[in-house]
Amino acid sequence: MYSTNKEIKIGDWIKGMTDQDKLVHGYVENIDKRRQTIHSRVIASDNKKMVGEIASISMYRTVKLTLPSKLREEELLNFIDISLSTRDFEWFTELTNKLFQIKYHPVTKKQTKASHDIKVNEEI
């Protein structure tokens, strides 16, 4: 879990361990580069009292979280709710675009196989 997360920026979702060894999930609100500390709004934790609070976490005890490339509609709806509650408009827009693609432009296995067959035939 320890790393040098120079790529973490404000607004990113992270998982980390506090100095009191409490596991937290949240999004970055501030970064203190001088102290190499990330200040994260806690969304989930093994210490329920920390939820909703700001946690200070060493950059070396955090991991940047990324969304899987393929999410189900139900998962997207949950993330959309979180983006609304955190007022993250950019993330909300990204998620709703993905939801739109799933609902109105679904890719079926048949379409995927057909496009693969075309590519194979073009190589011949």
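Quick note: the coordinates plus some simple rules give every number you see, no bench work behind them. Small disclaimer: the values here were computed from a predicted structure and weren't measured. Cβ atoms come from the backbone with ideal geometry, glycine included; neighbour counts cover every protein chain shown.
Observations, loosely collected:
- Span from the the stretch 83-98 Cα centroid across to the the stretch 13-37 one, whole angstrom: 22
- Other residues within the sphere of radius under 10 Å centred on the Cβ of Gly11, judged by their own Cβ, net out at -3 (K and R +1, D and E -1).
- Checked against a 28 Å cut-off, the cross-linked pairs Lys64/Lys98; Lys9/Lys48; Lys48/Lys70; Lys49/Lys103 give Cα-Cα distances beyond that limit for Lys48/Lys70; Lys49/Lys103.
- Extension gain from Gln101 to Val63, taking 0.36 nm per residue of separation minus the Cα-Cα distance: 10.8 nm
- Segment Leu84-Arg35, extension gain: residue separation times 0.36 nm, minus the distance between their alpha carbons: 14.6 nm
- Under the combined filter of DSSP loop state and at most 14 neighbouring Cβ atoms within 10 Å, the stretch 10-114 retains these trypsin sites (Lys or Arg not before Pro): Lys33, Arg34, Arg35, Lys70, Arg72, Arg87.
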